[in-house]
Amino acid sequence: MIRFENVSKVYARGARPALDRVSVDVERGEFVFLVGASGSGKSTFLSLVLREQRPTRGRVYVAGRDVANLSGWRVPTLRRQLGVVFQDFRLLQNKTVHENVAFALQVIGKPRHVIRDTVPEVLEMVGLAGKGKRMPTELSGGEQQRAAIARAIVNRPQILLADEPTGNLDPTTSLGIMRLLDRINRTGTTVVMATHDDEIVNEMRRRVVELSDGVVVRDEARGGYGEREAILPDVGASPVLDAPGSGTRVPAQPVRGS
Amino acid sequence: MRFQFVLGEVFSGLRRNTTMVVAVVLVTFVSLTFVGAGALLQAQIGKLKDDWYDKVEVSVFLCPQGTTAAPSCAGGEATEDQIEALREVIRTELSGEVSKVWFESKQQAFAAFEERYPDGFQGTQLTEEDMQASLRLKLTDAEQVAVVSDVLSGRDGVEVVADQRAVFEPLFRTLNVATLLAAGLAGVMLLAAVLLITTTIRLSAVSRRKETEIMRLVGASNLFIQLPFLLEGALAAVLGSLLAGGGLWLAVRFMVTDWLERSVDWVAYVSEVDVFRVAPLLVVVAVALAALSSFFTLNRYTRI
Ligand SMILES: Nc1ncnc2c1ncn2[C@@H]1O[C@H](COP(=O)(O)OP(=O)(O)OP(=O)(O)O)[C@@H](O)[C@H]1O
Ligand SMILES: [Mg+2]
């Protein structure tokens with residue numbers, strides 16, 4: 001479904017590559033977690049699938065198409081087969097939940113009766129039945145993300161991309177969102193989700209692809225989140241936390257008497 | 001569905017950017033008024049030329065009854081023989097310069113006069129006897145007026161040789177200068193209009209960045225994303241052009257038809273019909289302006 005062949009992405013000349021010779025193959029219907037430290041290239045990976053960016057080297061295939069060499073006017077066709085959700089929901093604040101979801105269909109020219117039938121169905125599926133008339137500001141974060149997911153899947157995409165969809169949510173709410181994504185995945189939709197949420201990754205036990213500085217360092221079928229750096233590294237008896245060069249400190253020397 | 005949706009977007013965009021849209025409407029209105037005024041001035045010149053300029057170039061006014069200041073008229077009203085002698089001179093000495101000659105008798109002059117001024121001229125009631133017969137000459141080359149005048153002036157029976165063009169030349173010059181002025185102002189204003197439409201489309205694109213971002217992500221086509229902006233600019237510009245057409249119509253209706261034509265009525269003026277001929281041109285210019293501005297702006301701000 002998604003296939004990266006030796007993909008490198010360099011944003012600015014001379015800069016460190018955001019992705020470095022990445023080869024990943026995602027099967028139809030798979031659920032894949034993309035993990036890695038901030039700046040490791042997760043969002044870059046997703047934007048290459050969406051063809052918001054083009055690879056500097058290598059090939060990206062999405063649903064059988066060579067995305068890197070896709071001509072501009074075919075990009076919309078590609079994106080109609082993809083759904084995307086983001087950490088910040090990206091709902092239109094001046095439209096109701098129903099209008100937000102309908103918008104995704106309107107702008108690709110779906111007929112009115114299709115929209116009338118599909119939108120309530122999808123809202124019910126994501127657990128927002130009866131909340132279609134609310135404005136985004138009248139929803140909790142979890143509900144807003146559900147609305148965003150509804151918008152992403154309303155055109156029945158083959159692939160759902162999620163960039164830290166639970167990043168702004170508390171653990172309980174996150175769990176609800178994960179159940180929803182899991183349910184969507186079970187209907188046959190391929191899901192690729194970038195995340196920092198180790199609890200979720202450890203709990204779900206799905207395929208995990210770990211990136212580090214743009215390189216795939218782990219690709220495990222039923223993986224966990226992996227090691228996390230300690231939030232407060234053991235600095236020992238240091239007078240100053242987090243001071244420059246605090247890792248290799250020279251022990252204090254007694255002052256010679258004078 | 002698509003159509004209705006696009007229209008909805010257009011109107012919400014127009015509402016959101018009301019001040020800018022009003023500015024675009026006004027600037028296109030003013031600039032196209034100048035364009036239209038220039039076109040009407042040229043039409044006016046065309047009319048004057050059709051009416052006079054090309055028909056009569058030189059009038060040889062013959063001595064009238066009674067006494068005049070001209071010494072060549074000492075013998076009173078021009079006689080048949082004098083007129084025939086003049087025709088002979090024109091036939092022989094001016095055969096190269098004059099292409100056509102015709103005689104306007106006092107009766108014909110009076111008839112033409114009565115047609116123009118059915119109510120008398122400035123309060124005085126004139127008769128056929130107050131009119132003056134003339135020979136009207138059409139020249140092969142309009143520049144030869146001086147030669148013709150030299151040959152015919154001062155001959156017996158000739159009171160004065162008048163270059164009809166001399167009457168119109170300053171008028172034409174004024175009208176042409178006015179046209180140039182209108183064209184210059186129109187050029188500046190059109191530039192302002194393009195810049196303003198560009199800015200408006202850009203503002204509109206920025207204020208709708210979230211929408212276009214979502215549209216791009218869910219796979220809306222480029223045309224679909226850009227169409228509302230295109231239509232917004234075009235609609236504002238067309239509105240401006242219609243206002244310009246309306247303004248010109250009012251100007252012609254009240255200044256020319258109702259006022260000028262009554263006070264100076266021996267001239268053919270532009271009429272409302274001419275405005276209707278110019279107005280579609282203004283709409284076309286407006287659409288072209290909007291298209292030009294959109295072309296420069298949109299690809300930059302709503303790229304896939
Ligand atoms: N549009 C861009 N232009 C230039 N550099 C970019 C751009 N987007 C990302 N980068 C760089 O590419 C690298 C990878 O960024 P990316 O956003 O893919 O990381 P990430 O794994 O998604 O991080 P995070 O977990 O913080 O979202 C970073 O060094 C970043 O600075
Ligand atoms: Mg990211």
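Laboratory data are not the source of any read-out in this text; all were calculated from the coordinates shown. Only a predicted model underlies this, so the values are computations on that prediction, with no experimental measurement involved. Counting neighbours? That spans all protein chains shown, and the Cβs are built from the backbone with ideal geometry, glycine included.
Can you give the mean number of other chain Cβ atoms that lie within 10 Å of the Cβ atoms in peptide A:72-79? Don't skip to the end; give the middle numbers.
Numbers: counts 3, 4, 0, 5, 11, 2, 1, 7.
Across the residues of A:72-79, the mean count of other-chain Cβ atoms within 10 Å is 4.
Please give the calculated 222 nm ellipticity per residue for the protein assembly as shown, where each DSSP H segment of at least 4 residues contributes -39500 (n - 2.57) and the sum is spread over every residue; nearest 500 deg cm²/dmol? Intermediate values should be presented prior to the final figure.
Details: 16 runs with 266 residues, N = 562.
Rounded to the nearest 500, the figure is -16000 deg cm²/dmol.
Ordered by the number of other Cβ atoms lying within 10 Å of each residue's own Cβ, fewest first, B:Asp274, B:Asp258, A:Asp219 fall into the sequence B:Asp258, A:Asp219, B:Asp274.
If you average over every viewing direction, what projected area does the convex hull of the Cα atoms of segment A:113-189 give, in nm²? Could the numbers behind the result be given before it?
On the way: hull surface 20.6 nm².
Averaging across all directions leaves 5.1 nm² for the Cα convex hull.
Might you report the magnitude of the Cβ-based charge dipole of segment A:91-156 about its Cα centre, with Lys and Arg at +1 and Asp and Glu at -1, to the nearest 20 debye? Please list the in-between numbers first.
Working: 10 positive and 6 negative charges, 31 e Å.
Around 140 debye, computed over segment A:91-156.
Counting only other chains, and only Cβ atoms inside 10 Å, what mean value do you get across the residues of B:216-229?
Averaged over the peptide's residues, the number is 6.
Anisotropy class assigned to chain A is prolate, per the alpha carbon gyration tensor with a/c at or over the 1.5 cut-off and a/b larger than b/c.
Which whole-number percentage describes the relative contact order of segment A:91-156, with Cα contacts under 8 Å and a sequence gap of 6 or more? Don't jump to the answer; show the numbers that get you there.
Working: 73 pairs, mean separation 32.5, N = 66.
After rounding, I find 49 percent.
Give the separation of the Cα centroids, segment A:19-68 to segment B:130-206, in Å. What the calculation gives is 71 Å, centre to centre.
Would you tell me the mean number of C-beta atoms belonging to other protein chains that fall within 10 Å of each C-beta in A:151-163, as a whole number? Please report the intermediate quantities before stating the final value.
On the way: counts 3, 2, 0, 1, 2, 0, 2, 0, 0, 0, 1, 0, 0.
Taking all residues of A:151-163 together, the mean is 1.
Helix A:141-153 and the longest principal axis of the Cα set of chain A meet at an angle near 60°. No solvent, one uniform scatterer per C-alpha: report log10 I(q)/I(0) for segment A:1-135 via the Debye equation at q = 0.18, 0.21 1/Å, two decimals. Normalising to I(0) and taking log10 leaves -1.09, -1.24. Computed log10 I(q)/I(0) for segment B:58-162 at 0.10, 0.15, 0.23 Å⁻¹: -0.30, -0.65, -1.20, from the Debye equation with unit scatterers placed on every C-alpha and solvent omitted. Sorted fewest first by neighbouring Cβ atoms within 10 angstrom, B:Ile83, B:Ile225 come out as B:Ile83, B:Ile225. The loop-placed GluC sites (Glu not before Pro) in segment A:1-100, going by DSSP, that have at most 12 neighbouring Cβ atoms within 10 Å of their Cβ come out as A:Glu27.
Separation of the alpha carbons by more than 20 angstrom is noted, of B:Lys49/B:Lys106; A:Lys95/B:Lys210; B:Lys47/B:Lys100; A:Lys95/A:Lys133, for B:Lys49/B:Lys106; B:Lys47/B:Lys100. Separation of segment A:104-124 and segment B:1-53, taken as the distance between their Cα centroids, equals 39 angstrom. By other beta-carbon atoms within 10 Å, ranking A:His113, A:His196 with the fewest at the front produces A:His113, A:His196.
Thinking of the protein assembly as shown as a set of Cα atoms, what percent of all their pairs are more than 40 Å apart?
Working: 87169 of 157641 pairs.
For the protein assembly as shown, the share of Cα pairs beyond 40 Å comes to 55 percent.
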